[in-house]
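These notes are about the structure you will find just below.
Read-outs: derived from the displayed coordinates by stated rules, not from any lab. Bear in mind the structure is a predicted one, so any value in this text is a computation, not a measurement. For neighbour counting, all protein chains shown are included, and Cβ atoms are generated from backbone atoms with ideal geometry for every residue, glycine included.
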Amino acid sequence: MLWMPWLVALTALSCRPAPEGDDVARAREREQMVAQQIAAPPRGVRDERTLAAMRKVPRHLFVPPEVAGQAYADHPLPIGHGQTISQPYIVGFMTEALHLDGDEKVLEVGTGSGYQAAVLAEIVSRVYTIEIVAPLAEEARARLKDLGYSNVEVRAGDGYQGWPEAAPFDAIIVTAAAPRIPEPLMEQLSDGGRLILPVGDAVQELVVVTRRGDRFEKKRVLPVRFVPMTGEVRH
Ligand code: SAH
């Protein structure tokens, strides 16, 4: 009977629910991710709303459990169906480039895991997001709901045509690389609205489009590498 206390002690250890310390550790990892990979020069994302949102959203819950240990590392990760969650810095860079101040209505094309949508939802009042791979859209919808993001609407489908019923948008973000800028997305920008998207195939660049009345100002801002946008944009 001498071994019994040991057995009890071991069982107690292994059956312990996820310790509260885990959340604290993850929060610390996020702090470090933001400080070292996103805010630090030469990258230098400065927008406080973007940084605060990225300190808050539990990125490790947006990736498959087998890669959760790398959730706060400085690279993209696989999320299934041949798709990826973007590198944290790219999420920060694109979010900052949208110049959000809190009241906006934003459209995302390429929901993937739902992480970028959650970051946006921390900042703005309403987020609409479209994902062409139906099971990913369903998973992201369930995940965002479980995490309490009630201001995000997820739709399964091709984002090429945007979301006409909810347009115009103050900002639009596309997180898959398009060979050209989808016309319907430009048309769904409000006056002064911003669109950011990766344009290209083997070589890609992030482009920011700003609507000024009937004019569209385009600016290339950063070389990147995204998964391809599929669907109508390829026709
Ligand atoms: N923003 C995502 C990263 C997504 S990767 C995140 O935070 O996790 C790009 C996603 O765009 C993929 O899931 C891909 O399936 C989706 N996609 C590609 N073409 C699309 C299209 N035409 N319409 C909507 N989604 C598209």
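Residues checked against (1) buried (at least 21 other Cβ atoms within 10 Å of the Cβ); (2) out of contact with any helix residue (DSSP H, G or I) (no Cβ under 9 Å at 6 or more places or on another chain); (3) not in a helix (DSSP H, G or I):
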residue: Ile130; (1), (2), (3): yes, no, yes
residue: Ala137; (1), (2), (3): no, yes, no
residue: Glu153; (1), (2), (3): no, no, yes
residue: Ala171; (1), (2), (3): yes, no, yes
residue: Met186; (1), (2), (3): no, yes, no
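Have a look at Arg220, Arg215, Arg211 and point out the one that is in contact with a Leu (Cβ under 9 Å, 6 or more places away or on another chain), of a type outside the set (S, T, N, Q), away from the ligand (no atom under 16 Å from the Cβ) and farther than 26 Å from Gly102 by Cβ. Break it down stepwise before answering.
On the way: Arg215 fails: in contact with a Leu (Cβ under 9 Å, 6 or more places away or on another chain); Arg211 fails: farther than 26 Å from Gly102 by Cβ.
Of the residues listed, the single one that is in contact with a Leu (Cβ under 9 Å, 6 or more places away or on another chain), of a type outside the set (S, T, N, Q), away from the ligand (no atom under 16 Å from the Cβ) and farther than 26 Å from Gly102 by Cβ is Arg220.
Assuming Ala177 fulfils every condition listed in (1) of a type outside the set (Phe, Trp, Tyr); (2) farther than 20 Å from His75 by Cα; (3) within 16 Å of the ligand (Cβ to nearest atom) apart from one, which condition is it?
Here Ala177 clears every test but (2).
Against the conditions (1) under 14 Å from the mean Cα position of the chain (by Cα); (2) more than 6 Å from the ligand (Cβ to nearest atom); (3) not in a helix (DSSP H, G or I), where does Gly148 fall short? Just the number, please.
With (1) under 14 Å from the mean Cα position of the chain (by Cα); (2) more than 6 Å from the ligand (Cβ to nearest atom); (3) not in a helix (DSSP H, G or I) applied to Gly148, the lone miss is (1).
Mind checking which residues of the stretch 82-128 are in contact with a Pro (Cβ under 7 Å, 6 or more places away or on another chain) and either part of a loop (DSSP other than H, G, I, E, B) or among the charged types (D, E, K, R) (or both)? Steps first, answer last, please.
Residues of the stretch 82-128 in contact with a Pro (Cβ under 7 Å, 6 or more places away or on another chain): 84-87.
Listed by number, the residues that qualify are Ser86, Gln87.
Looking only at residues that are within 11 Å of the ligand (Cβ to nearest atom), farther than 19 Å from Ser86 by Cα and part of a helix (DSSP H, G or I) in the stretch 155-169, which one is farthest from the chain's Cα centre (by Cα)?
My answer is Gln161.
May I ask you to list the residues in the stretch 76-135 that are in contact with a His (Cβ under 8 Å, 6 or more places away or on another chain) and farther than 24 Å from Ala39 by Cα?
Start the filter on the stretch 76-135 by keeping residues that are in contact with a His (Cβ under 8 Å, 6 or more places away or on another chain), which leaves 87, 133, 135.
Passing the criteria: Val133, Pro135.
Considering (1) surrounded by 18 or more Cβ atoms within 10 Å (Cβ to Cβ); (2) within 11 Å of the ligand (Cβ to nearest atom); (3) without any contact (Cβ under 8 Å) to a residue 24 or more places away in the chain, say which one Gly200 fails and leave the rest.
(2)
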